[in-house]
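Notes follow once the structure below has been shown.
Just so it is clear, none of the values below were taken in a lab; they were calculated from the coordinates. Only a predicted model underlies this, so the values are computations on that prediction, with no experimental measurement involved. Because the Cβ atoms are built from the backbone with ideal geometry, glycine has one as well, and the counts that use them run over all protein chains shown.
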Amino acid sequence: MARAATPKDPEKVTRIMTAATHEFAIHGYAAAKTEQIALAAEVSKGLVFHYYGSKQQLYFQTVVVATDRIKAEVTPQAFKTPVDLVALVVRSTQYKAEFGRKHPDEMRLMINAYGNADKLPVVIQGKLQALYTQSLQLSQLMIGQIIDRLPLRPEVDRETVIELIMGIYNQIFVEFQAQAKVSPEMKTMADAQWIAERAKKYMAILENGFIAPK
């Protein structure tokens, strides 16, 4: 019979996560040192590996924790009462910028993780993709709630509209990753403000059309 996993000390977990998030945010995955993480967390390196198994798993867990924090602090506010799609993008950007000011390590970690995913081990890339898909599913659910409050034309199919919006989200993500490869200095939402502007333009065209009225 397999032995039950040893319970983790919550205080030590918090210290390790804080130290690991900072180390990975500042140095990136490859250059980050588990020795430095253990030192900053005031635990042994052995305990770090006992809790997380490997540097890869530790890194991914910091991204999970950062993602959960963004979902808890940003997502509900961003989707709360927007009256249209452009307002949704503006509000989401504002709350993410505020989140970045409050949690700079988490924001920098997320930008690095998704902006330079191709530089990470293949196993982490797969897990990040799965995590991103989960986030998109949550966004899709909340976008549906917004669409239900908008006066769609009778001939317009609700599900098709949602699919178009999600397509814009994916396009923005692709553009972000491409820019991150040539702009390693991108570390905050202020550095990535162009993403919000692009999203606003896309959403405005989707919402209003691109053919001038006759």
**Descending principal axes extents, region 1-156, alpha-carbon based, whole Å** = 62, 42, 31
**Prompt:** Relative to the longest principal axis of the chain, what angle (0 to 90°, nearest 10) does the C-alpha long axis of helix 193-208 take?
**Reply:** 30 degrees
**Request:** Enter the angle in degrees (range 0 to 90, nearest 10) between the Cα long axis of helix 85-102 and the first principal axis of the Cα atoms of the chain, meaning the one along which they spread out most.
**Result:** 20 degrees
**Unit charges at the beta carbon, dipole of the chain: most positive-side option, Ile172, Phe24, Leu131** = Phe24
**Item:** Partner lysines for Lys119 [C-alpha distance under 20 Å; skip if fewer than 8 residues away on the same chain]
**Value:** Lys33, Lys55, Lys127, Lys181, Lys187
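State, as an integer percentage, the relative contact order of the chain based on alpha-carbon contacts under 8 Å between residues 6 or more apart.
Numbers: 168 pairs, mean separation 48.1, N = 214.
About 22 percent, as a whole number.
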**Asked** Quick one: Cα centre-to-centre distance for region 151-214 and region 12-29, in angstrom?
**Response** 32 Å
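Counting other beta carbons within 10 Å of each residue's own, what order do Arg153, Arg158 fall into, fewest first? Present the calculation step by step, with values, prior to reporting the outcome.
Working: Arg153 6, Arg158 12.
Lowest to highest Cβ neighbour count: Arg153, Arg158.
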**Relative packing of peptides 162-174, 18-30 - highest average C-beta neighbours within 10 Å first** = 18-30, 162-174
